[in-house]
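Let me begin by presenting the structure, written as structure tokens, before commenting on it.
Values in this text are rule-based calculations from the coordinates and carry no lab data. This one's a predicted model, so the numbers in the text were calculated from it and none came from an experiment. For neighbour counting, all protein chains shown are included, and Cβ atoms are generated from backbone atoms with ideal geometry for every residue, glycine included.
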Amino acid sequence: MKETILSYDDLLEMLDSLLREPEEFWNTFYLDREKRVPFFANKPDENLVSYYERKLTDTKNVLELGCGPGRNAIYFAEKGAEVDAVDLSEESLRWAEERAEERGVAVNFIRSNIFELPIKNNTYDMVYDSGCFHHIAPHRRMQYIEMIQKALKPGGHFAITCFVQGGELGGSDITDWEVYRSRSLNGGLGFTEEKIRTIFKDFEEIEIRKMKDVGGDEEVFGVPALWTALFRKK
Ligand SMILES: C[S@@+](CC[C@H](N)C(=O)[O-])C[C@H]1O[C@@H](n2cnc3c(N)ncnc32)[C@H](O)[C@@H]1O
């Protein structure tokens, strides 16, 4: 029965197989911690800090998708949240755990593909994704949205940062169909404000804006090559 498509899951798996295998890629990516990668800086996103400053979100229970080396998960925990932070890369979570220990905070780091995560209904006040969604292939997008809807409590928030199309950090401007013709996300998909609004139309929009450019010395992370968006579950 191998390679026979009998279900929607089989179809998703077949489409996954056309693209890069993510676990090995990300484990290799994190081996050199000295690499000049903007998000390797151990600072929370400026938009996330601003949600707290403006009291836009209630964040007692947080789920972070694709947490990488943990900079935002650690910030949530320092703010008193209970945090489940998921990433498929063992290498990134090793780094994240070291950072959390140095800062003396507890985060529940979970090594898993986000699509294999068992999620209970109405569990989280906030689902946060900084830079994972633009590495998710278009055929997984519906499942991604369903997962967030399921994970959030009614009125809970979902926030995302993702590549600006053609921005300085990447952000390919190919169509969804082109992903499968070229068998690649070209380093990560880029988005327009309108595309983000359309994809997450079932949520109430609170704010979509470019990340602020904060320069290197600030205590927060901010580069204008990323969109930031905050939504609420209706
Ligand atoms: C650009 S990095 C961002 C890391 C972190 N959020 C940050 O901003 O510091 C994207 C992360 O998403 C993770 N990732 C990508 N696809 C994933 C998936 N399907 N399930 C879990 N994690 C995934 C990668 O391992 C990587 O750590």
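Near the amide H of Tyr124, within less than 5 Å, lie the amide hydrogens of Leu152, Lys153, all on another chain or at least 5 residues away, with H placed in the peptide plane. Counting other Cβ atoms within 10 Å as a rough exposure proxy, the listed residues Met211, Met14 run Met14, Met211 from fewest neighbours to most. Exceedance of the 26 Å cut-off in Cα-Cα distance is limited, within the set Lys60/Lys233; Lys60/Lys150; Lys60/Lys195, to Lys60/Lys195.
The 3J(HN,Hα) values that the Karplus relation (6.51, -1.76, 1.60; θ = phi - 60°) gives for segment 129-134 are, in residue order, 9, 10, x, 8, 4, 6 Hz. Gly and Pro appear as x. Remark: the Glu97-Asp16 segment gains 26.3 nm on full extension, using 0.36 nm per residue and subtracting the alpha carbon distance.
Listed cross-link partners Lys35/Lys55; Lys2/Lys201; Lys120/Lys201; Lys35/Lys201; Lys79/Lys201 are compared with a 25 Å cut-off, the Cα-Cα value being larger for Lys35/Lys55; Lys2/Lys201; Lys35/Lys201; Lys79/Lys201. Ranked by how many other Cβ atoms sit within 10 Å of their own Cβ, fewest first, the residues Ile206, Ile136 fall in the order Ile206, Ile136. By the equivalent-ellipsoid construction on the alpha carbon gyration tensor, segment 1-154 comes out with semi-axes of 27, 20, 13 Å, ordered largest to smallest.
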